[in-house]
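Visitor: Can you read through this structure? Questions will come right after.
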Amino acid sequence: MFDLIFVVAIATAGQQLHHAIIENHLWHALPSYLMVFFALWWAWMNFSWFASAYDNDDALYRCLTFVQIVGSLVMAAGIPDVFRSQDFDIIIVGYVIMRLALVTQWLRAAKHDPERRVTAYRYAIGIVLVQIGWLVANFAHVLSIPLFLCLVVFELFVPIYAEKHSPTPWHPHHIVERYALLTIIVLGESIVGSFNAIRDALAAQSINIPAVFLMIGGLMLMFAMWWAYFDRSEQHHHFKGVRPFVWGYGHYFVFVSIAAVGAALAAAVDVTTHHAHISDLYMGVIVAVSVVLYTTCIWMLYEFECLAGISKWFYPITALIILCIPFICNNVGYSVFAMGIVYTLRLFISNKFIEDIEPKQV
């Protein structure tokens, strides 16, 4: 329930990015998108790791979770204001609602887990102090990108500092499941966004051959991104070669790139149907960069330390090819189709290659 409600806010951020792209305002909107997505992802991530350690599913826990759900909806309501005028008032109020509900959860954990009481208090105090920082910076009208980044650093530091005393008893399999579930949900929202753009084009009777190639290629890209994330999923359960904090924090770029691909594909539909103010080349580059960011994250988090030999470099080679495609194809529809073909073939070939070189289990 929490994830499904939460993704409403993610979808809202994706829609705003989509509109910014087709109006040729990407560079103006990109900082807003990244900042909004951090707030959404960070609130979700902190709740997920807390729940992995201390979810007792009692009445008070559920009520506090409901408060966090309310906070996520308030955040979603404030997202358009951020993109339109850099007004963070509503989204910060929603964010603070979510975070203070989590503080209450940590205080409960401190009461019932004496062994990790100091850890829980560190979380609670650290979160409160940073929320004061957000409120003062925003309502004193001094919140800027540098100050935002400073507060982000403090947010990221709180769990690192708290866990040093006595790590919380989170469960790796549960964490992997939560991240995988959100990955599927964000992929689904991205597909829905692209479908809505296609539906609008059909209603306007402006579908053409490049748009058809775009539809097929976009679906192939989403399929390949799903395949890449869940490829050899047994590796994910052990955080092989990657520390838990790096794995958890690194997923910001996984989620932000998935949502960006969805927004870019929806905008690409508008480009192919002549309802956007940007060129095919520029649109193709936006799609390619979003896909390459996702590909690089998957490679670094899951593949780099787990593979050896030539198979270790399949992802970087694929990323380079995808970056070149928009400069070869003269239409974004054909570019996306080629990207989908390349990404899917890469996964098929690499899996066959690994199957051939790995010894069979008996």
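Throughout, read-outs are computed from the coordinates displayed, never taken from laboratory work. A quick note: this is a predicted structure, and the numbers were derived from the prediction, not measured. Note that each Cβ is placed from the backbone with ideal geometry, even for glycine, and that neighbours are counted across all protein chains shown.
Visitor: Using the alpha-carbon atoms, what tilt in degrees (0 to 90, nearest 10) does helix 244-272 show relative to the longest principal axis of the chain?
Guide: Taking the Cα atoms of the chain, the angle to 244-272 is about 40 degrees.
Visitor: Follow-up. With axes computed from alpha carbons, what is the tilt in degrees of helix 26-54 against the longest principal axis of the chain, rounded to the nearest 10 within 0 to 90?
Guide: 50 degrees
Visitor: Could you state the angle between the C-alpha long axis of helix 280-298 and the longest principal axis of the C-alpha atoms of the chain, as a value from 0 to 90 degrees rounded to the nearest 10?
Guide: Helix 280-298 sits at roughly 50 degrees to that axis.
Visitor: Order of 273-281, 48-56, 99-107 by packing, highest average Cβ count within 10 Å first?
Guide: Details: 273-281: 16.1, 48-56: 17.8, 99-107: 19.6.
Put in order of decreasing packing, that is 99-107, 48-56, 273-281.
Visitor: Starting from the Cα of Asn208, step 7 Å toward the Cβ, then list every residue of segment 266-291 with an amide N under 16 Å from that point.
Guide: The answer is 268-284, whose backbone nitrogens lie closer than 16 Å to the label point.
Visitor: Once you have the Cα-Cα distance between Val192 and Val8, take 0.36 nm times their residue separation minus that, and quote the gain in nm to one decimal. Present the calculation step by step, with values, prior to reporting the outcome.
Guide: Numbers: separation 184, 0.36 × 184 = 66.24 nm, distance 1.20 nm.
Once the chain is fully extended between Val192 and Val8, it gains 65.0 nm.
Visitor: Dividing the alpha-carbon Rg of segment 172-357 by 2.2 N^0.38 Å yields what?
Guide: Working: Rg = 16.7 Å, N = 186, 2.2 N^0.38 = 16.0 Å.
Ratio of Cα Rg to 2.2 N^0.38 Å: 1.04.
Visitor: With r defined as the distance between the Cβ atoms of Leu156 and Phe223 and R0 fixed at 30 Å, what FRET efficiency is calculated, to the nearest 0.05?
Guide: Values: r = 33 Å, r/R0 = 1.09.
Rounded to the nearest 0.05, the efficiency is 0.40.
Visitor: If one computes the Cα centroid of segment 75-107 and of segment 318-345, what distance in Å separates the two points?
Guide: Centre-to-centre distance over Cα atoms comes out at 38 Å.
Visitor: Now a separate question. Determine ³J(HN,Hα), in whole Hz, for all residues of segment 318-334 in sequence, where each value follows from phi through the Karplus function 6.51 cos²θ - 1.76 cosθ + 1.60 and θ = phi - 60°; x replaces Gly and Pro.
Guide: 4, 4, 5, 5, 4, 5, 7, 4, x, 7, 9, 8, 9, 9, 5, x, 5
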